[in-house]
Amino acid sequence: MSIFSVDRPLKSFCWSRSEVSWLHNTALVLFGSLLLAISAKISLPLQPTPVTLQTFAVLLLSMLFGSRLGVLTVLAYLAEGFMGMPVFAEPVTGFAVFLSPTIGYLLGFIPAAFVAGLLVERGWGMSRLSAGLAAFIGATIILFCGWLGLAVVSGPQMAFTLGVVPFVGIELAKVLVLAATIPFCWKSAK
């Protein structure tokens, strides 16, 4: 049996099977949540929601860490923001985040991380096409959840116009970068 196995998340190649423990997973989650916080601060201010590198970071981490650890990383990041730490793109933290226009996107990180990570665990990260499709599906989930969150406040048409259309080209560019990056990571892990 080779070291490379499609059903193992890529993060398990960093250490031997016996070394992948709660301590390493905790370190990866903390590193991932820090990367998400940094990616939130790299933004272009659009209204009602800014363009950030968060979606790229969510998809990258989940496609490298796997579905479970990817979701745990996102949950840790969201928990940090809900507890009042300044980790989100906008200066809104704590309970006020639930009232912000970005809540749909933020909550959409959870299913997107799970799905993109799971697809890569199932072998979708070994070619540019399949990695791109996994990233595209994850990005679509985030945009859909963001649209739902905005639709509650502004109606479906306005939410689509303000919360989806401006992001399509940017998200496609992020998907293309992930499509090139993820297969390289898998090949490097062999």
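The values are calculated or read from the model by the stated rules, or taken from the named source; none is laboratory data. Because the structure is predicted, anything quoted here is derived from the model rather than measured. Cβ atoms come from the backbone with ideal geometry, glycine included; neighbour counts cover every protein chain shown.
Of the residues that sit in segment 117-138 and are under 27 Å from Pro45 (Cα atoms) and of a type in the set (A, V, I, L, M, F, W, C), which one is nearest to the chain's Cα centre (by Cα)? I'd like the intermediate steps shown before the answer.
To start, the set of residues in segment 117-138 that are under 27 Å from Pro45 (Cα atoms) comprises 132, 135-138.
Then drop every residue that is not of a type in the set (A, V, I, L, M, F, W, C), which leaves 135-137.
Numbers: Ala135: 9, Phe136: 11, Ile137: 11 Å.
Checking each candidate, the answer is Ala135.
Somewhere in segment 22-32, is a residue hydrophobic (A, V, I, L, M, F, W, C), within 16 Å of Pro111 (Cα to Cα) and either surrounded by 19 or more Cβ atoms within 10 Å (Cβ to Cβ) or modelled with pLDDT of 85 or more (or both)?
Kept after step one, since they are hydrophobic (A, V, I, L, M, F, W, C), are these residues of segment 22-32: 22-23, 27-31.
Checking which are within 16 Å of Pro111 (Cα to Cα) leaves us with none.
There is no residue in segment 22-32 that is hydrophobic (A, V, I, L, M, F, W, C), within 16 Å of Pro111 (Cα to Cα) and either surrounded by 19 or more Cβ atoms within 10 Å (Cβ to Cβ) or modelled with pLDDT of 85 or more (or both).
Residues that are of a type outside the set (Gly, Ala, Ser) and surrounded by 23 or more Cβ atoms within 10 Å (Cβ to Cβ): find the helices (runs of 4 or more DSSP H) completely inside segment 83-190 holding 1 or more of those. Give the steps one after another, and end with the answer.
On the way: elements: 103-119, 128-154, 156-163, 165-189.
Because the criterion is at least 1 residues that are of a type outside the set (Gly, Ala, Ser) and surrounded by 23 or more Cβ atoms within 10 Å (Cβ to Cβ), the helices (runs of 4 or more DSSP H) in segment 83-190 that meet it are 103-119, 128-154, 165-189.
To keep it simple, each residue is scored yes or no on (1) free of Cβ contacts under 8 Å to residues at least 12 places away in the same chain; (2) under 17 Å from Cys185 (Cα atoms); (3) in contact with a helix residue (DSSP H, G or I) (Cβ under 9 Å, 6 or more places away or on another chain).
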position	(1), (2), (3)
Trp22	yes, no, no
Ala37	no, no, yes
Ser67	no, yes, yes
Leu75	no, no, yes
Leu78	no, no, yes
Phe82	no, no, yes
Pro101	no, no, yes
Ala116	no, yes, yes
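Is it fair to say Thr55 is surrounded by 17 or more Cβ atoms within 10 Å (Cβ to Cβ), of a type in the set (Ser, Thr, Tyr), in contact (Cβ under 8 Å) with a residue 40 or more places away in the chain and within 19 Å of Lys41 (Cα to Cα)?
For Thr55, the condition - surrounded by 17 or more Cβ atoms within 10 Å (Cβ to Cβ), of a type in the set (Ser, Thr, Tyr), in contact (Cβ under 8 Å) with a residue 40 or more places away in the chain and within 19 Å of Lys41 (Cα to Cα) - is met.
Looking only at segment 161-179, count how many residues are hydrophobic (A, V, I, L, M, F, W, C) and at pLDDT below 95.
The qualifying residues number 6.
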